[in-house]
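The structure appears right after this line, and notes come after that.
The values are calculated or read from the model by the stated rules, or taken from the named source; none is laboratory data. Note that the coordinates shown come from a computational prediction; the quantities given were computed from them, not determined experimentally. Backbone-built Cβ (ideal geometry, glycine too); neighbour counts: all protein chains shown.
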Amino acid sequence: MVGAGLSGAVIGRRLAEQGHKITVMDGRPHIGGNCHTERDTETGVLVHLYGPHIFHTDDEEVWAYVNRFATFRPYKNRVKTTTRGAVYSLPINLHTINQFFGQTLRPEEARRFIEAKADTTISDPQTFEEQALRFVGRDLYEAFFQGYTIKQWGCSPTELPASILKRLPVRFNYDDNYFFHRFQGMPEEGYTAMIARILDHPNITVHLEATVTRDRAAAFDHVFYSGPIDGWFDFRLGRLGYRTLDFERFSHKGDWQGCAVMNYGDVDVPWTRITEHKHFAPWESHDGSVLYREYSRACGPDDIPYYPIRQVAEKSLLAEYVALARAEENVTFTGRLGTYRYLDMDVTIREALDCAAAYLRAVGDGGAMPAFTVNPL
């Protein structure tokens with residue numbers, strides 16, 4: 001398993017339970033990948049070192065799986081945003097609409113009100129901006145989407161596909177729970193403790209700060225690779241585009257912002273959001289507080305890749321790497337980086353469980369394991 005994040009841990013555990021000897025290698029000094037959590041030595045706050053991760057899913061099997069390795073506490077993600085000198089709740093809901101427009105609308109009235117502001121001349125939205133204008137109108141788009149999107153993606157919303165905003169989160173009630181899945185929560189001891197338990201099996205050996213080359217990988221029966229797909233091939237065709245994040249840490253005595261996540265919609269505010277990490281564990285009590293300002297920018301060769309861009313040029317390059325990958329033997333590309341797709345944690349685990357099942361079937365049938373169990377294109 002190249003990578004000690006969710007993909008490598010879940011696949012490795014399932015195969016280890018079936019008698020396979022598993023070697024997990026990761027270049028970082030810790031397990032957990034970008035889900036890594038650790039205690040801040042100054043305050044005792046449990047910190048999501050690579051940005052917050054909130055578990056939410058409708059998949060009962062995945063929910064049962066993570067609860068096997070961790071105690072999950074109830075947690076609802078209630079995001080706020082500061083824009084134009086005021087604070088609003090996200091996703092856009094009835095309270096947001098009434099507050100923003102100075103109204104006291106009921107649900108049916110609010111729906112008609114927003115429909116009247118929508119640009120109905122746009123019949124087939126092709127860009128992010130057209131999608132927003134078509135469904136919420138210019139006022140809400142400019143306040144809540146335009147500036148944040150420019151900062152997050154480093155380009156105009158007119159250059160982004162409408163698919164990014166296909167499921168526009170607008171609610172005509174007062175529900176401010178950011179997610180809509182049945183199961184939502186946080187592991188009481190953090191994600192790293194959960195992943196450590198997944199990896200805790202006599203058939204699993206973990207090596208940290210260990211790099212894996214294609215030559216070294218040839219010594220194994222099969223490799224499950226959850227690193228960047230272009231990195232497996234030493235970037236011979238060029239680098240796939242990502243956005244990365246810079247985190248500016250600061251601490252505070254007391255409560256800085258009163259919520260876990262505060263977005264900043266104004267384009268002249270350089271950060272996209274501030275996260276206050278003690279609010280991700282409301283069952284704990286801490287006098288001090290740890291916060292991070294997040295800044296999004298283009299990902300360089302030495303940066304941690306976060307968000308795959310997947311524009312036309314990137315998809316074209318991806319197709320070339322996928323062709324190379326499918327010509328490889330005894331390697332399966334998994335996870336967010338291995339398939340160059342943005343994946344929530346529950347989807348990552350679902351695909352890992354399915355990938356492990358596919359490998360066990362292939363071994364049992366004497367067949368070949370494909371390079372991908374999910375088409376990345």
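Summary table
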item	result
Subset of region 139-187 that is touching a Phe, Trp or Tyr at 6+ places or on another chain (Cβ under 7 Å) and in a loop (DSSP other than H, G, I, E, B) - its residue that is nearest to Arg68 (Cα to Cα)	Leu168
Flag if Ala327 is within 21 Å of Thr213 (Cβ to Cβ) and modelled with pLDDT of 95 or more	yes
Residue within region 196-204 that is of a type in the set (A, V, I, L, M), closer than 22 Å to Tyr264 by Cα, surrounded by 15 or more Cβ atoms within 10 Å (Cβ to Cβ) and out of contact with any Leu (no Cβ under 8 Å at 6 or more places or on another chain) present	no
Qualifying residue in region 44-51 (condition: in contact with a Gly (Cβ under 6 Å, 6 or more places away or on another chain) and touching a residue at least 12 places away in the same chain (Cβ under 8 Å))	yes
First in region 16-40 and more than 13 Å from Met1 (Cβ to Cβ) and in contact (Cβ under 8 Å) with a residue 12 or more places away in the chain, second anywhere and in a loop (DSSP other than H, G, I, E, B) and among the acidic types (Asp, Glu), Cβ under 8 Å, 6 or more apart	Arg28/Glu209; Pro29/Glu209
Residue within region 42-52 that is outside any loop (DSSP other than H, G, I, E, B) and in contact with a Leu (Cβ under 8 Å, 6 or more places away or on another chain) present	no
Complete set of residues in region 275-328 that are in a loop (DSSP other than H, G, I, E, B) and hydrophobic (A, V, I, L, M, F, W, C)	Ala281, Trp283, Cys299, Ile304, Ile309, Ala327
Pro74 vs. criteria within 25 Å of the chain's Cα centre (by Cα) and at pLDDT below 95	no
Failed condition for Leu245, given (1) in contact with a Ser or Thr (Cβ under 7 Å, 6 or more places away or on another chain); (2) surrounded by 13 or more Cβ atoms within 10 Å (Cβ to Cβ); (3) without any contact (Cβ under 8 Å) to a residue 40 or more places away in the chain	(3)
Those residues of region 172-195 which are touching a strand residue (DSSP E or B) at 6+ places or on another chain (Cβ under 7 Å) and not small (Gly, Ala, Ser), in sequence order	Asp176, Tyr178, Phe179, His181, Phe183, Gln184, Met186, Pro187, Glu188, Tyr191, Thr192, Met194
Some residue of region 143-163 being modelled with pLDDT of 95 or more, assigned by TED's automatic domain parsing to the domain that holds Phe113 and over 23 Å from the mean Cα position of the chain (by Cα)	yes
Filter result for the condition that a residue is under 20 Å from Arg249 (Cβ atoms) and not small (Gly, Ala, Ser), over Thr71, Thr57, Thr81, Thr43	Thr43
So His30, is it assigned to a loop (DSSP other than H, G, I, E, B), surrounded by fewer than 17 Cβ atoms within 10 Å (Cβ to Cβ) and under 21 Å from the mean Cα position of the chain (by Cα)	yes
Per-region count, region 329-369, residues crowded, with 17+ Cβ neighbours inside 10 Å, part of a loop (DSSP other than H, G, I, E, B) and in contact (Cβ under 8 Å) with a residue 40 or more places away in the chain	4
Unique match (being in the same structural domain as Arg138 (by TED's automatic domain parsing), of a type in the set (Lys, Arg) and at pLDDT 95 or above) among Arg68, Arg14, Arg106	Arg106
Residues of region 203-230 classified as free of Cβ contacts under 8 Å to residues at least 60 places away in the same chain and outside any loop (DSSP other than H, G, I, E, B), total	3
Matching residues in region 256-266 - criterion: being in a loop (DSSP other than H, G, I, E, B) and surrounded by 14 or more Cβ atoms within 10 Å (Cβ to Cβ)	Trp256, Gln257, Cys259, Ala260, Gly265, Asp266
Any pair with Cβ under 9 angstrom, 6 or more apart, that starts in region 140-156 at a residue that is farther than 16 Å from Ala118 by Cβ and ends at one that is in a helix (DSSP H, G or I) and charged (D, E, K, R)	Thr149/Glu129; Trp153/Glu159; Ser156/Glu129
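Residues checked against (1) surrounded by fewer than 20 Cβ atoms within 10 Å (Cβ to Cβ); (2) in the same structural domain as Thr192 (by TED's automatic domain parsing):
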residue	(1), (2)
Lys21	yes, yes
Met25	no, yes
Thr43	yes, no
Glu61	yes, yes
